[in-house]
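One structure is given here, and the rest of the page talks about it.
The values are calculated or read from the model by the stated rules, or taken from the named source; none is laboratory data. These numbers were taken from a predicted model, which means no experiment stands behind them. Positions of Cβ are backbone-derived with ideal geometry, glycine not excepted, and every protein chain shown enters the neighbour counts.
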Amino acid sequence: MPLYEHVMIARQDLSNTQAEGLIEHFGTVLADNDGKLVDSEYWGVKTMAYKINKNRKGHYAFLRSDAPATAVHEMERLMRLHDDVMRVLTIKVDEHAELPSVQMQKRDERERGPRPDRGDRR
């Protein structure tokens, strides 16, 4: 089955348990349609770059799924209809990374490559 990654932004006035309940709810939607939720991460409340529906902050969640396209379409349809979900982004990937996402890693744990040559700077 194809592999997908989803990022969901929920309203800021939800509690943490309600936001995590949304993750479980949409995981069951995938399971009901012959898919499965491989992994999920709750990133917490973050400030957005611009207002969405008069909200400056939102609960961010990251989902990894292994599901047929019909299950993903159904989940996205229900997310769009849900009042608490403001935005959803779904990407089809070749494989899931095993490490926690970049958002969950601490700043010193992130791998940084070498800096490019800066030339003759003083």
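Structure data summary
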read-out: Total residues in the stretch 61-73, condition without any contact (Cβ under 8 Å) to a residue 60 or more places away in the chain, out of contact with any strand residue (DSSP E or B) (no Cβ under 6 Å at 6 or more places or on another chain) and surrounded by 18 or more Cβ atoms within 10 Å (Cβ to Cβ); value: 1
read-out: Count of residues meeting criterion [buried (at least 19 other Cβ atoms within 10 Å of the Cβ) and more than 22 Å from Met104 (Cα to Cα)] in the stretch 8-42; value: 3
read-out: Candidate set from the stretch 78-102 (those that are touching a Lys or Arg at 6+ places or on another chain (Cβ under 7 Å) and in a loop (DSSP other than H, G, I, E, B)); member that is surrounded by the most Cβ atoms within 10 Å (Cβ to Cβ); value: Asp84
read-out: Members of the stretch 34-70 that are over 13 Å from Ala10 (Cα atoms), of a type in the set (A, V, I, L, M, F, W, C) and either touching a Leu at 6+ places or on another chain (Cβ under 6 Å) or assigned to a strand (DSSP E or B) (or both); value: Leu37, Val38, Ala49, Leu63, Ala67
read-out: Near pairs, Cβ below 7 angstrom, 6+ apart or cross-chain, from the stretch 87-107 (modelled with pLDDT of 70 or more) to any residue that is surrounded by 10 or more Cβ atoms within 10 Å (Cβ to Cβ) and β-branched (Val, Ile, Thr); value: Arg87/Ile9; Arg87/Ile52; Leu89/Val7; Thr90/Val72; His96/Val38
read-out: Subset of the stretch 1-20 (residues that are of a type in the set (D, E, K, R), part of a strand (DSSP E or B) and out of contact with any Lys or Arg (no Cβ under 8 Å at 6 or more places or on another chain)); value: Arg11
read-out: Residues satisfying the stated conditions in the stretch 1-60, i.e. of a type outside the set (D, E, K, R), over 22 Å from Asp94 (Cα atoms) and free of Cβ contacts under 8 Å to residues at least 12 places away in the same chain; value: Ser15, Thr17, Gly21, His25, Thr28, Thr47, Ala49, Tyr50
